[in-house]
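Okay, so here's the structure we're looking at.
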Amino acid sequence: MFLRRKNKKARGIGYSYWHLCETVRTARGPRQRVVASLGKLDEAEVAGLRGGWDDLTALLRGEAPSSAAKTAGLPGLMPAIPAAPPVQWERADVGGLRVERTRDFGESYLGLALWHRLKLDELLAALLPAGRESVAWSHMAALLTVARFCAQRSELGVAEHWYETTALDDLLGIDPTAVNDARLYRALDQLSQRGRAVRT
């Protein structure tokens with residue numbers, strides 16, 4: 001089983017929720033089936049959170065998560081402590097559970113944390129302004145840098161194997177189908193051209 005993040009927009013407001021999925025064999029080949037939908041959290045659950053995916057950018061920068069700031073209360077007063085949300089349980093057949101698509105997290109997380117701490121994301125976003133590309137060049141630069149940090153020697157190896165074995169698709173938000181050798185080489189060209197322009 002694995003988690004799949006889904007983004008949805010309703011009445012102009014965007015939010016995310018998760019599906020718990022499993023891969024099943026069918027006559028047409030392997031298919032993915034949704035086991036459970038982990039829907040949008042209600043206000044009480046959101047108030048009880050002390051961090052999550054939405055706070056990841058702040059945590060990578062070494063800053064306090066936004067959820068902690070919201071519950072800090074007013075200066076000179078006791079911090080506001082939200083009521084704990086009710087515990088919810090789901091029954092599961094432990095014998096029927098298995099682990100699929102395990103991914104490396106630590107190295108890529110550390111590399112990306114250093115990237116954000118050094119504010120290279122801000123620098124590259126300024127140096128490589130967005131155009132018509134579907135994935136921002138600054139995001140591809142982060143991917144290439146983290147790959148090199150993790151001792152990946154070739155862009156082809158990153159595209160064909162390494163990226164899918166890491167948690168970077170969740171951390172960077174780049175779909176694995178968008179990571180190919182051609183896009184990585186074009187990102188290197190963009191970085192090289194910008195480097196020459198800065199030096200001259």
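The values are calculated or read from the model by the stated rules, or taken from the named source; none is laboratory data. Note that the structure is predicted; figures quoted are calculated from it, not measured. Virtual Cβ from ideal backbone geometry, glycine too; neighbours counted across all protein chains shown. The protein model used for the area step is the full one, side chains on, heavy atoms only, and it has no ligands, DNA or RNA in it. Shrake-Rupley method; radii C 1.70, N 1.55, O 1.52, S 1.80 Å.
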Net charge of neighbours whose Cβ lies under 12 Å from the Cβ of PHE105, counting Lys and Arg as +1 and Asp and Glu as -1:
-3
Sort LEU168, LEU188 by accessible area with a 1.4 Å probe, largest first.
LEU188, LEU168
Efficiency of FRET between ARG194 and ILE13 - r from beta-carbon atoms, R0 25 angstrom, step 0.05:
0.10
Counting only DSSP loop positions in the stretch 133-200, the trypsin sites (Lys or Arg not before Pro) whose Cβ has at most 13 other Cβ atoms within 10 Å are ARG153
LEU110 accessible area, assembled protein chains, probe 1.4 Å, Å²:
90 Å²
